[in-house]
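Take a look at this one; I'll ask things after.
Quick note: the coordinates plus some simple rules give every number you see, no bench work behind them. Treat the numbers as computed from the prediction; the structure is a model and nothing was measured. Here the Cβ positions follow ideal geometry from the backbone for every residue, glycine too, while neighbour counts run over all protein chains shown.
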Amino acid sequence: MTDQLTELLSQVRRLADAMERLAGPPPVANDLTAADCFVWHPAGQRLQPVAQPNRVALSLIRGVDHVRDILHDNTERFARGFTANNVLLWGARGMGKSSLVKAVHADVRRTSGTPLKLVEVHREDVHSLPALLELLKESGLRAIVFCDDLSFDHDDTAYKSLKAALDGGIEGRPENVLFYATSNRRHLLPRTMIENEQSTAINPSEAVEEKVSLSDRFGLWLGFHKCGQEDYLAMIDGYAAHFNLPIATEELHRQALEWATTRGGRSGRVAWQYIQDAAGRQNMTIGRDNA
């Protein structure tokens, strides 16, 4: 009997250990005072502090002055406790959409003196937004939830979770939280998907409304368009002056235009990539963290 009891207890312990492994680590006590920026990890509902965010100074973002001012004003009003809108930054790739969000957040914190938080959510974790919003609501701190390169493909139903988190449900979005997203698409869904809904649905107009209504949950749409040569060279000059690149302006412009030609276009990303190349050829080390 003793041997049987010992064996039974051993099996119970093994079962308990297996259940603990399946359950994963216990929830972490999130400390929102630990940093200014965080990355959301749904597993364990954990906010990972980011000690050194990858961002540039607001003064180095050129060619988007109008949308920069709108985003800055919206963010500052929210940080000070006033009404503000969710924002969708959409348009040409490489024009500084995500860089602008991070730079504006840092500048507003500095100028307003408020403990505004920036929480990044990965595209594949959008379904977990309700849990994140509940956590941020309980903290009482004002926070911007940020999703970079947000878009949805065919048969992807995660956009419905986002719609509810932004503006739906009986409780609605917490007053201390805003949602900022960047995307190459204004409606966050591929045009072919919308056209397919029109051609196959019993009621085409209702099907399209279901798809494009997600964008309507963003009170501000800020468009980014391909930059001209003047704006591109202004970006180059701004970076060169900031990092003290020892290259004459005429030669700098010649090289930068040649670099853009090899890349097939001009953008803020192309300008930054050229500056990195030019700095490397001058035996210099630069990075966004010291911009």
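Report the extension gain between Gln229 and Ala164 in nm, rounded to one decimal, defined as 0.36 nm multiplied by the number of residues separating them, less their alpha carbon distance.
Working it through step by step, the gained length comes to 19.2 nm.
Treating only the Cβ atoms of Lys and Arg (+1) and Asp and Glu (-1) as charged, compute the dipole magnitude of region 229-290 about its Cα centre; round to the nearest 20 debye.
220 debye
Which residues' amide hydrogens lie under 5 Å from the amide hydrogen of Leu116, considering only partners 5 or more residues apart or on another chain, with H built in the peptide plane?
It is none; the list stays empty.
How do Met284, Met95 rank when sorted from fewest to most other Cβ atoms within 10 Å of their own Cβ?
Met284, Met95
Would you grab the residues whose amide H sits under 5 Å from the one on Arg46? Only those 5+ places off in sequence or on another chain, please, with H modelled 1.01 Å from N.
Residues meeting the amide H criterion: His41.
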